[in-house]
Protein chains: 2
Amino acid sequence: METKQHPLLIQILSRGFDPGNEFEDFLSFWKPAEFKKGEHLLRQGEVARFTVFVLSGCLRQYSVNENGQEQIIYFAEENWFAGDLQSMRSRVASNLNLQALENCSVLTINKTNAELVLERFPWWAQLQLAGHQRWMAKLQQQVGQSMIDSAETKYLRLLKDRPKLLQRVPQYQIASFLGISPEALSRIRKKLYTF
Amino acid sequence: METKQHPLLIQILSRGFDPGNEFEDFLSFWKPAEFKKGEHLLRQGEVARFTVFVLSGCLRQYSVNENGQEQIIYFAEENWFAGDLQSMRSRVASNLNLQALENCSVLTINKTNAELVLERFPWWAQLQLAGHQRWMAKLQQQVGQSMIDSAETKYLRLLKDRPKLLQRVPQYQIASFLGISPEALSRIRKKLYTF
DNA sequence: CCGGTTTCTTGATCCAGATCAACGAACAGC
DNA sequence: GCTGTTCGTTGATCTGGATCAAGAAACCGG
């Protein structure tokens, strides 16, 4: 892959940070990996051994509560990061599952290298910090919205925010992500598309 | 206040980081401030000018959606940090409100100083990073639980996690935090305490 | 191209919790 | 200590969405 247009570099630049000529060096800390549809990158109870940057494919992150109900927390598509940083960093058991929904090609980075790049590349530490802040803000918003908004509102918001996601992920998984039943989602769509 | 037992120092140590003899220097970047019950530290639409560490009192962070409904997102009691880092850092309008629920005594830090201490005190940068990771994990869990769990389950969890909070905050605010109506909360408590 | 599995739709029923309304209880300010 | 206001309880009613059940469609692998 031509370094100049590597997806990870594009992502870094688009967030307003510039690795200058260090990108190739930086990239050497990441290891490519492939996962087949259905494979797990991480299971609840394990310690996360790496986090990933998605080159192609789609992952779902979900957890299973005491009653055995699955709850999808988010979908990572191309150019998203995914994993359990907390678990990887502190070597504690994760309570997340990370599964490939399609055949996936990713870059992985382990604990050692993650710590090295943080020290070695200040622009990366900055990007990480900014990314966390953005993500925390988004999560907080989501907490509020998930409690207040109706199922329909949540669906419409998702449709607006991530229209492509709805094309590639089965409907019952979208329902789980929205925190509603598949039947409810089916009815919402029927209602929306018949008027 | 005797530096050795400053609440902020205690908090830092309890998270496994050691400022050594730098704490006094570090502390000089924070400015004490007082807020009266009901006062706002930050309003939706403003750019956050500082973030805070709570010495005494209790704050609520909430947002108001398009329909004018208030949603409490969290309560910051003693030894909690609060504020909108994203807004402060990027100088963008916040969509959070931060209000004193009691007379509060806090330490504030502004953008400039926040950036300085990050550069100057590596242990602080580490603590910040770890804190963010922990907080993101907690928020993700909360997103999942808020969608799946019944009102009663959520109340019991809060009762277990933050028993003292329920003593000091009016019930209708707890209800808002849990995403249920005050009436519903009243009924849940009645049911729990009559059996 | 066929039989099996997985996903989506539709209908019927049920219930947690919202909403509306009205009344006690606690509390703050004078 | 009285009085207005904010807060909590209780009752009655309504509804969004869950759950259960059973077809219909789509999507395989051989």
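Before moving on, here are some points about what is shown:
- Residues of region B:177-187 classified as more than 9 Å from DNA strand D (Cβ to nearest atom) and aliphatic (A, V, I, L, M), total: 2
- When region A:26-54 is limited to residues that are aliphatic (A, V, I, L, M) and more than 14 Å from chain B (Cβ to nearest Cβ), the one that is farthest from B:LYS138 (Cα to Cα) turns out to be A:LEU27.
- Total residues in region B:55-70, condition within 12 Å of chain A (Cβ to nearest Cβ) and surrounded by fewer than 18 Cβ atoms within 10 Å (Cβ to Cβ): 7
- Region B:121-156: number of residues that are farther than 16 Å from A:MET136 by Cα, at the interface with chain A (Cβ under 9 Å from one of its Cβ atoms) and not polar (S, T, N, Q): 4
- Top-ranked residue in region A:87-105 [being surrounded by fewer than 19 Cβ atoms within 10 Å (Cβ to Cβ) and assigned to a helix (DSSP H, G or I); ranked as nearest to the other protein chains (Cβ to nearest Cβ)]: A:ARG89
- Residues of region A:140-176 that turn out to be in contact (Cβ under 8 Å) with a residue 60 or more places away in the chain and within 12 Å of DNA strand D (Cβ to nearest atom), as a count: 2
- Of all residues making up region B:177-190, the number that are touching a residue at least 12 places away in the same chain (Cβ under 8 Å) and near DNA strand C (Cβ under 10 Å from one of its atoms): 7
- Counting only helices (runs of 4 or more DSSP H) that sit completely within region A:106-195, those holding 1 or more residues that are of a type outside the set (Gly, Ala, Ser) and within 19 Å of the chain's Cα centre (by Cα) correspond to A:111-120, A:122-148, A:151-161, A:163-168, A:171-178.
- Pair list, Cβ under 6 Å, 6 or more apart: region B:57-68 residue within 19 Å of B:ALA93 (Cα to Cα), other residue among the hydrophobic types (A, V, I, L, M, F, W, C) and not in a strand (DSSP E or B): B:ARG60/B:LEU101; B:GLN61/B:LEU96; B:SER63/B:LEU96
- Within region A:1-54, being of a type in the set (Val, Ile, Thr), loosely packed, with under 15 Cβ neighbours inside 10 Å and part of a strand (DSSP E or B) holds for one residue alone: A:VAL47.
- Residues of region B:69-94 satisfying the condition of being among the charged types (D, E, K, R), in contact (Cβ under 8 Å) with a residue 40 or more places away in the chain and over 17 Å from B:LYS164 (Cβ atoms): B:GLU70, B:ASP84, B:ARG91
Any read-out appearing in this document is the output of simple, stated calculations on the displayed coordinates, not a laboratory observation. Model, not experiment: these values are computed from the prediction. We place every Cβ from the backbone using ideal geometry, glycine too, and count neighbours over all the protein chains shown.
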